[in-house]
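Asks: Submitted below is the structure of interest, expressed as structure tokens.
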Amino acid sequence: MMATDPLSLLMTAWAASALLMVALWLLERRLHNLALADVGWCYGLALVVLWYSTVVPGEPARRLVVCVMIVLYAARLGTHILIDRLWHKSEDGRYRTLRVQWGEQGPLRRFWYFQLQAAAIVWFSLPPLVVMQNPHPPFHLLELPGVLLWAVAVTGEAVADWQLASFRRQPWNRDRVCREGLWYYSRHPNYFFEWLHWWSYVVMGLASPLGNWGVTLIGPLTMGWALLKVTGIPWTETQTMTSRGEEYATYRRTTNAFFPWFPRRP
């Protein structure tokens with residue numbers, strides 16, 4: 001019988017994710033598009049949590065709900081990246097910049113970049129794992145707000161992605177800044193709702209009696225740090241300022257970077 005203690009689960013998930021990322025790294029050497037790592041992270045997270053739901057102890061109905069939440073979130077985001085960044089576009093500008101910076105060490109560094117994504121799969125699988133292991137009968141009063149928050153966040157991110165993709169498909173918008181829909185209230189509404197999504201497991205985790213609720217904070221804290229300080233807004237804003245110039249500078253002066261709110265007067 002397969003061990004279900006947390007360490008064994010995480011080590012097995014890491015080994016499987018590492019193998020997945022090796023396969024995608026080999027594929028990337030032919031396709032020359034690092035967005036494959038993002039797609040792999042999304043689908044890998046969905047598969048790991050789906051596996052968790054079949055082996056971890058915990059109330060079955062709750063395990064099913066959390067599994068569906070993660071699978072729908074990750075499959076939607078992974079498919080969006082697959083279509084938007086692999087099929088319809090050349091490699092994203094931030095990845096092209098990395099290729100130049102890595103130089104002759106590019107293949108090895110790309111390998112470790114894919115392995116970093118494998119570790120990230122395991123790291124972000126911890127919040128749903130904690131919620132799944134709650135043995136109490138479903139559903140605690142705190143879990144309904146968590147599910148509702150998940151629905152708002154995943155819907156908001158999907159709408160933001162769709163609005164931006166629709167804007168970019170119009171040839172007359174090639175060099176313009178999208179200020180339509182949710183993008184009127186935030187320069188990065190997709191990032192905001194991505195971050196908000198991870199709070200849903202924190203709220204649901206408050207109902208857990210296992211004393212490990214703090215582990216669920218891994219999701220929003222890590223994702224918020226990455227989006228605000230590392231790979232999200234800093235990279236995107238640098239690339240967009242280069243390509244959109246003064247129009248984007250005006251957008252920055254009037255519109256919040258992250259939290260949606262009414263724009264200021266220029």
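The values are calculated or read from the model by the stated rules, or taken from the named source; none is laboratory data. As the structure is a computational prediction, the values presented were derived from the model and not from experiment. In this analysis, Cβ positions are derived from the backbone assuming ideal geometry, glycine residues included, and neighbour counts consider all displayed protein chains.
Asks: May I ask you to list the residues in the range 175-198 that are in contact with a Lys or Arg (Cβ under 8 Å, 6 or more places away or on another chain) and among the charged types (D, E, K, R)?
Replies: Asp175, Arg176, Arg187
Asks: Need pairs with beta-carbon distance below 7 Å; first residue closer than 19 Å to Leu228 by Cα and within the range 238-249, second among the β-branched types (Val, Ile, Thr); sequence gap 6+ or separate chains.
Replies: Filtered contacts from the range 238-249: Tyr248/Val177; Tyr248/Thr240.
Asks: Just to verify a result, which residue in the range 140-189, among those that are among the acidic types (Asp, Glu) and surrounded by 20 or more Cβ atoms within 10 Å (Cβ to Cβ), is farthest from Val68 (Cα to Cα)?
Replies: Across the range 140-189, the extreme among qualifying residues is Asp161.
Here's the yes/no breakdown for (1) outside any helix (DSSP H, G or I); (2) at pLDDT below 95; (3) of a type in the set (Lys, Arg):
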| residue | (1), (2), (3) |
| --- | --- |
| Gly214 | no, yes, no |
| Met223 | no, no, no |
| Trp235 | no, yes, no |
| Thr242 | no, yes, no |
| Phe258 | yes, no, no |
| Arg265 | yes, yes, yes |
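Asks: Taking the range 241-266, which residues are hydrophobic (A, V, I, L, M, F, W, C) and in contact with a helix residue (DSSP H, G or I) (Cβ under 8 Å, 6 or more places away or on another chain)?
Replies: Listed by number, the residues that qualify are Met241, Ala249, Ala257, Phe258, Phe259.
Asks: Test of understanding: among Leu108, Leu98, Leu164, which residue is of a type outside the set (Phe, Trp, Tyr), touching a residue at least 12 places away in the same chain (Cβ under 8 Å) and not assigned by TED's automatic domain parsing to the domain that holds Thr254?
Replies: Values: Leu108 fails: touching a residue at least 12 places away in the same chain (Cβ under 8 Å); Leu164 fails: not assigned by TED's automatic domain parsing to the domain that holds Thr254.
Step by step, each of Leu108, Leu98, Leu164 is checked, and only Leu98 is of a type outside the set (Phe, Trp, Tyr), touching a residue at least 12 places away in the same chain (Cβ under 8 Å) and not assigned by TED's automatic domain parsing to the domain that holds Thr254.
Listed here are the residues, each with its yes/no results for (1) closer than 30 Å to Leu108 by Cα; (2) among the hydrophobic types (A, V, I, L, M, F, W, C); (3) modelled with pLDDT of 95 or more.
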residue: Met21; (1), (2), (3): yes, yes, yes
residue: Glu28; (1), (2), (3): yes, no, no
residue: Asn33; (1), (2), (3): yes, no, no
residue: Trp41; (1), (2), (3): yes, yes, yes
residue: Ala46; (1), (2), (3): yes, yes, yes
residue: Leu50; (1), (2), (3): no, yes, yes
residue: Val55; (1), (2), (3): no, yes, no
residue: Leu64; (1), (2), (3): no, yes, yes
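Asks: To continue, here is another question. Taking the range 48-60, which residues are closer than 14 Å to Leu20 by Cβ and either out of contact with any helix residue (DSSP H, G or I) (no Cβ under 9 Å at 6 or more places or on another chain) or without any contact (Cβ under 8 Å) to a residue 24 or more places away in the chain (or both)?
Replies: The one that is closer than 14 Å to Leu20 by Cβ and either out of contact with any helix residue (DSSP H, G or I) (no Cβ under 9 Å at 6 or more places or on another chain) or without any contact (Cβ under 8 Å) to a residue 24 or more places away in the chain (or both): Leu50.
Asks: Hey, another quick one. Within the range 190-207, is there a residue that is loosely packed, with under 14 Cβ neighbours inside 10 Å and in a loop (DSSP other than H, G, I, E, B)?
Replies: So far as the range 190-207 goes, no, none of its residues is loosely packed, with under 14 Cβ neighbours inside 10 Å and in a loop (DSSP other than H, G, I, E, B).
This table checks each residue for (1) touching a helix residue (DSSP H, G or I) at 6+ places or on another chain (Cβ under 9 Å); (2) aliphatic (A, V, I, L, M); (3) more than 16 Å from Ser53 (Cα to Cα).
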| site | (1), (2), (3) |
| --- | --- |
| Gln105 | no, no, yes |
| Leu108 | yes, yes, yes |
| Tyr113 | yes, no, yes |
| Ala118 | yes, yes, yes |
| Ile121 | yes, yes, no |
| Val131 | yes, yes, no |
| Phe139 | yes, no, yes |
| Gly146 | yes, no, yes |
| Trp150 | yes, no, yes |
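Asks: Answer with yes or no whether Val159 is in the same structural domain as Thr250 (by TED's automatic domain parsing) and touching a Lys or Arg at 6+ places or on another chain (Cβ under 6 Å).
Replies: No; evaluated as a whole, the condition is false for this residue.
Asks: On the basis of being in a helix (DSSP H, G or I), of a type in the set (A, V, I, L, M) and either out of contact with any Lys or Arg (no Cβ under 8 Å at 6 or more places or on another chain) or not assigned by TED's automatic domain parsing to the domain that holds Met241 (or both), does Val154 make the cut?
Replies: Taking the combined requirement at face value, the residue does not satisfy it.
Asks: Here are the criteria: (1) surrounded by fewer than 17 Cβ atoms within 10 Å (Cβ to Cβ); (2) under 20 Å from the mean Cα position of the chain (by Cα). Tell me which single one Leu26 does not satisfy.
Replies: Here Leu26 clears every test but (2).
Asks: Being surrounded by 16 or more Cβ atoms within 10 Å (Cβ to Cβ), outside the structural domain of Gly58 (by TED's automatic domain parsing), touching a residue at least 60 places away in the same chain (Cβ under 8 Å) and among the β-branched types (Val, Ile, Thr), is that true of even one residue in the range 124-132?
Replies: No, the conditions are met nowhere in the range 124-132.
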